[in-house]
Structures are given as structure tokens and as C-alpha cells.
1. Using only atoms on other chains, find how many Cβ atoms lie within 10 Å of each Cβ of peptide B:79-86 and report the average.
2. List the relative contact order of region B:2-99 as a percent without decimals, with contacts defined as Cα pairs under 8 Å and 6+ residues apart.
3. Excluding ligands, DNA and RNA, what is the solvent-accessible area per residue of the protein assembly as shown at a probe of 1.4 Å, expressed in Å²?
4. Along region B:52-64, what does the Karplus equation 6.51 cos²θ - 1.76 cosθ + 1.60 (θ = phi - 60°) give for ³J(HN,Hα), rounded to whole Hz, x for Gly and Pro?
5. Once each part is reduced to its C-alpha centroid, what is the distance from region A:351-386 to region A:191-237 in angstrom?
6. Can you list the HN-Hα couplings for region A:371-378, worked out from phi with the Karplus curve (6.51, -1.76, 1.60; θ = phi - 60°), rounded to whole Hz and with x for Gly and Pro?
7. Mind putting together the pair-distance distribution for region A:225-339? All Cα pairs, 5 Å bins, whole percent per bin, short to long.
8. Ordering A:TRP421, A:TRP302 by accessible area with a probe of 1.4 Å, largest first, what comes out?
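The values are calculated or read from the model by the stated rules, or taken from the named source; none is laboratory data. None of these values were measured; they are calculated from a predicted model. A quick note on method: Cβ atoms are made from the backbone with ideal geometry, for glycine too, and the neighbour counts reach across all protein chains shown. The area values use the complete protein model at the heavy-atom level, side chains included, leaving out ligands, DNA and RNA. Shrake-Rupley method; radii C 1.70, N 1.55, O 1.52, S 1.80 Å.
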Amino acid sequence: MADTIVKSGSSRIFTIQFRARHDHAPMFHGFAVAGSLDYGQGDVTSIEVPDPTRYNSWLTASEFQGAADRVTLPLTFRLTYDLSEVLKLAKLRCAFDVQIHLGACTDPRDFDLGYEKVQVFENALISSYGTTDIGAMSGDDQAGIDEEVEISARTMYEIIPMRYSEVAAGFVGQEIVAISNGDEAGCGDCADPSDGCSKIFALANAPGSSPGVLAEVIATNDGFSTVVESPINTLTLADNVSDGAVVSDSYVVISNETNSLHYATLDDILDGEIDPWTEVTAGFVIGGEPNAIVSVSPLDTWIVGDGGYVYFSASPADGVEVMDAGSATAEDLHDVDAYDTDNIVAVGDNNAVVYTIDGSTFSAVTGPAPGVNLTAVAMRGEKEWWVGTANGKVYVTTDRGEHWTEKGLKGSPASIQKIGWSNETVGFIAAATAAPAARLYRTINGGYSWTLDPRATVGILPAADRINDFTFCPNDPNKIYAGGLADDASDGIIIKGQ
Amino acid sequence: MKHMIYTDNEGFMWVAIVPDSLKEGQSPLAYPVAGPPDLSVLGLSQEDTKRLHNGLVEKGMYNAPALLGRRKELMQLLKSLGLKLSIFQIIGVFQQAYYGDR
């Protein structure tokens with residue numbers, strides 16, 4: 001469908017009252033059309049200087065662009081005898097989401113599969129509501145009555161069906177345990193111009209071969225057109241690694257086996273520097289060996305580990321400090337996510353869930369699955385947490401764990417490896433069947449419905465036993481890099497979705 | 001410093017690190033060997049060990065850093081030599097020699 005021109009008759013409208021969320025059903029509006037959208041990208045202003053060669057003349061020395069405007073979009077609905085949903089939305093004065101689904105050969109009512117492209121308008125409000133003529137003075141004036149509204153949305157972007165392919169196949173011989181995006185979108189003022197999705201770092205575990213081999217980082221500067229390997233020389237041969245994350249200008253690896261972190265600068269890794277790694281043991285406690293890491297700013301990194309230990313690091317080079325020495329829970333913690341510098345959640349064995357709302361004091365809350373090990377957590381909001389379990393279930397809470405709701409996934413996965421949100425609408429879940437075979441699920445409505453990705457008409461997911469981690473690209477929910485264990489139970493695999 | 005390849009009496013090729021001033025034809029034997037490491041731990045026959053050893057030198061794969069980003073080439077080399085070895089066995093020997101048995 002890539003080169004097919006979209007016709008205006010190929011669009012249908014969904015609204016999601018109170019915005020996309022796991023319990024907010026999209027509403028289909030069959031008798032509605034969208035007008036032309038207006039998305040001002042900000043006025044461009046020149047900065048002039050006097051022309052040194054001519055009087056009364058100026059040269060443009062630079063320019064700057066103002067902030068993007070809100071998106072405006074007129075919508076027209078045929079008035080029916082039912083209570084008006086759009087009038088209700090207008091009078092509620094609460095933000096909602098609008099999705100325009102564009103398609104051709106599918107049922108447009110099928111929210112998840114009935115589109116070839118979606119235009120998403122997030123955080124919309126109705127700025128005006130009106131109708132066409134309600135009465136007809138004569139037969140010639142007879143016409144359908146339309147409700148006409150204009151919405152003003154905070155942002156707008158597109159979603160298309162994803163296609164997946166394996167990348168860096170000749171380089172990945174070991175299971176990928178973590179993958180991170182170390183890129184920033186920019187026009188070239190501060191670094192090379194980038195779409196923000198070119199510098200990817202995949203952490204490959206040590207293979208179980210004899211003699212042992214170092215775990216390494218497989219990195220790329222160009223979306224895996226070219227690849228560099230960086231063996232983590234501060235590890236012992238055959239030491240396993242647990243997780244990795246980009247922290248400021250470094251890539252930080254944690255290892256439960258070495259009870260330490262290892263870091264190298266992103267530039268050194270990408271430049272192929274020999275032995276760029278430094279090990280830091282400061283602050284790690286025996287019994288609290290690290291398992292998972294999350295970083296939200298150069299100064300704010302959290303690491304969770306065995307025995308319920310939670311560490312904080314303001315600078316990986318300086319080590320970590322204990323934030324919680326297993327007092328909230330003594331269970332081993334296996335995953336952690338942060339919404340911001342105050343709100344962090346970690347999950348672990350035996351239904352353990354701990355969280356903080358001030359970035360430092362951790363409390364336990366009863367998890368969703370008594371007796372079950374929790375393997376993945378993702379924060380979609382301060383209070384909205386998504387949790388995956390070792391037995392293939394996914395739960396969500398919107399009140400910091402006071403209540404949990406199970407979200408069903410097709411195909412009955414046997415385990416959940418990773419949950420993540422690309423933005424407030426688009427999220428992914430990595431799961432595996434009992435076979436094992438990797439499964440990837442995607443939602444485009446804040447988690448209300450999840451579908452297997454890619455859809456069957458588009459392609460297949462490269463065969464893998466499991467996907468352990470994935471990473472997103474800023475401002476592009478249609479791109480993902482995932483890493484895991486290939487379908488031969490020994491090789492690693494990196495998958496690019498776009 | 002530059003690299004120079006020489007062959008010993010038993011037919012094994014070695015990469016030596018020699019001064020830039022060393023001329024063609026001068027013996028590099030007095031200078032340190034950059035690699036490859038001892039491959040006898042792989043348990044191959046003497047003949048296969050030599051073929052692998054020299055094959056690696058010919059490809060410029062003489063130490064652990066020189067193997068980086070060249071797994072496909074290494075795999076092809078093993079295949080062309082008809083050796084049933086995993087590339088990780090080779091990488092492991094190279095890394096053990098380069099980083100030490102830590």
C-alpha cells in the first residue's frame with residue numbers, strides 16, 4: 001500500500017473519551033468525516049545583521065523557529081435521533097483522543113486491523129460546536145443536519161502497520177539481554193544530524209561456550225547498516241550480564257555475577273576504542289546483586305537487585321548508593337521503570353511490587369498475582385503501571401496497585417519479558433509461548449486492545465525464542481529495535497521494526 | 001611501530017610488532033609477537049592447527065581486537081578449512097590470551 005494514494009472516502013473516525021487508556025473503549029463514528037487539518041509548525045524568524053558591504057542593507061545571519069501550534073481539525077457528524085456523542089464530548093470539556101483510520105480493503109469498524117494508516121490526535125478539546133440548518137422552510141431546503149465541531153489537539157502523528165526484519169545477523173552470536181537507544185534527534189547544531197534513532201546499543205550476554213567469551217555491546221551509528229562490537233573487558237570471560245542502559249553519554253552494564261556496573265562512553269563504543277570499559281563496585285552490597293537498571297536523566301539512575309535492594313546513582317562513575325536495603329520487600333527484583341525522577345516502580349519474585357513517589361522512599365504494594373514471579377513493569381503514568389508475569393499474564397493498575405485488572409493477550413503466552421510505551425497511545429509487549437516462540441503485541445489505543453504484531457497480511461516476526469528487550473525512537477512510534485534469543489536457543493537476534 | 005608477518009621453522013606464521021625503521025628482509029624475531037595465540041587448546045591435529053593458525057594470520061586475525069566485527073569472516077574461514085569449531089571457541093582463546101585468565 002506504500003505508494004497508494006489515499007482517497008478522502010477512505011477515512012473513518014474514532015474518538016476515545018477521556019483519552020486512550022486500558023479501560024476507555026474507542027467509539028466508532030460511521031456517520032462522520034474530517035475536514036482539512038491545520039498543524040502550524042511555528043513561524044520562522046530571521047535574525048539579521050547589517051551588511052558590512054552596503055549601507056541600508058542587511059543580511060540574514062541566522063533564524064529560529066517558534067514552537068509548533070496546536071493541531072486543529074474540523075469534524076462533521078450527521079445528526080441522528082440518538083443523543084449526540086459529540087455534544088457530550090464538547091460539554092464535558094475533558095480531553096479526548098481522535099483517530100482517523102485510513103484504509104481500503106478492510107472493515108473500517110475493526111479498530112485494530114481495519115486500517116492502513118492512522119492519524120492520531122492526542123489530547124483534543126472541542127473549541128467550537130455548531131450545526132448546519134436545523135429547519136427547512138421549503139422542500140428545496142431539505143437536507144441532512146450536520147453537527148460541526150472543531151477540535152484543538154496537543155499533537156498529531158501517524159501510525160502504520162509495522163514490518164519486522166532481522167539486522168546485524170552476522171554479528172549477533174550471543175543472546176541480547178538489553179537494547180537501548182542512545183541517539184538524540186537534532187539538525188546538526190550539536191552533533192551529527194540525526195532522526196534520533198540511529199545510535200542503538202545492544203547488550204549481548206556471554207555464550208556458554210568453552211573457553212568463555214566476554215559479554216559485549218553490539219552498537220551502531222546508523223541503524224545497523226554498520227556495526228561495531230565492544231567486548232566488556234572489565235568482565236571475566238564468560239561472566240553473564242543482567243541489563244544495560246544509556247546514562248547520559250555512557251552505556252552502563254550491570255552484572256549480577258560481578259555485583260557491579262561497567263560503563264563506557266557511547267562515543268568510545270561507537271568509535272571502536274579498544275578496551276573502553278571501567279568497572280565500578282562502589283555501593284553494591286553482597287546479597288543485593290543488581291538485575292535491572294533504568295535511567296531518566298544524566299543524574300537519575302535506579303538499579304534494582306536481589307533481596308529487594310534498590311540503588312540510586314547520580315553518576316555511574318561514582319557508583320551507587322542504597323535507597324532501600326530490602327526493607328520494602330526482601331524478594332529479588334527483576335525489572336524497574338521510571339515515569340520521572342520521583343515515580344519509580346520495580347517488580348520481582350513472589351508478586352513483589354515496590355514503588356516510590358519521591359524518588360527515594362520505597363514502599364511495597366500487593367501485586368496482581370499472588371505467588372507468581374513478576375518479570376516486567378512499565379509506567380504509562382504516575383499511577384498507571386503495567387506488569388507482566390513469569391506465567392504469561394499482563395495486569396494494569398491505574399491507582400498505584402490498589403486495584404489490578406488483567407488484560408488478555410491472544411495466543412496464550414507462557415511468559416512476559418518486556419512491556420514498554422512508545423508514547424501515550426502506542427505500546428508493546430514482548431512475550432513467549434511455551435514452545436518457546438517470541439511474540440510481540442502492539443496497542444494503538446493506550447492498552448485497551450492488544451494485537452499480535454506484525455499483522456498477518458504484512459509479514460511475520462523473525463523467528464526467535466524470546467525478545468528480552470526493546471527500545472523506541474523519539475517522536476516515531478512506528479519504529480522499534482528489539483533484541484533477544486534466536487530460535488536456535490543459542491544465538492542472539494536483533495530485530496528492527498518499522 | 002608496524003606489523004610484520006614471518007614464518008617459523010615449523011611453518012607457523014606470526015605477526016610481530018616491529019619498529020617502523022625495520023626494513024624488508026630484516027629479521028623480526030627479536031621483536032614481540034602480537035599473535036595469534038596458542039591454538040593447541042582447541043584439540044585439533046597438528047596439521048589442522050597450523051592451517052587454522054596460518055589462515056587467521058592471512059586474514060589479519062591475530063588477536064582479540066583484530067577479530068572485532070569479523071565474525072562472518074571467521075565463520076567463513078572455519079567453513080573453508082572444513083573445521084567443525086564454533087567461532088566462540090576461537091574468540092574465547094583469543095580473548096583469554098589478550099585479556100588474561102581472569
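1. 1
2. Values: 108 pairs, mean separation 22.4, N = 98.
This gives 23 percent for region B:2-99.
3. So the protein assembly as shown comes to 46 Å² accessible per residue, rounded to a whole number.
4. Karplus-based 3J(HN,Hα) across region B:52-64 equals 5, 3, 6, x, 5, 4, 4, 8, x, 9, 10, 8, 4 Hz.
5. 30
6. With the stated coefficients, region A:371-378 comes to x, 9, 6, 9, 10, 8, 9, 9 Hz.
7. Here the calculated profile for region A:225-339 is 2, 13, 23, 24, 19, 11, 5, 2, 1, 0.
8. I get A:TRP421, A:TRP302, largest accessible area first.
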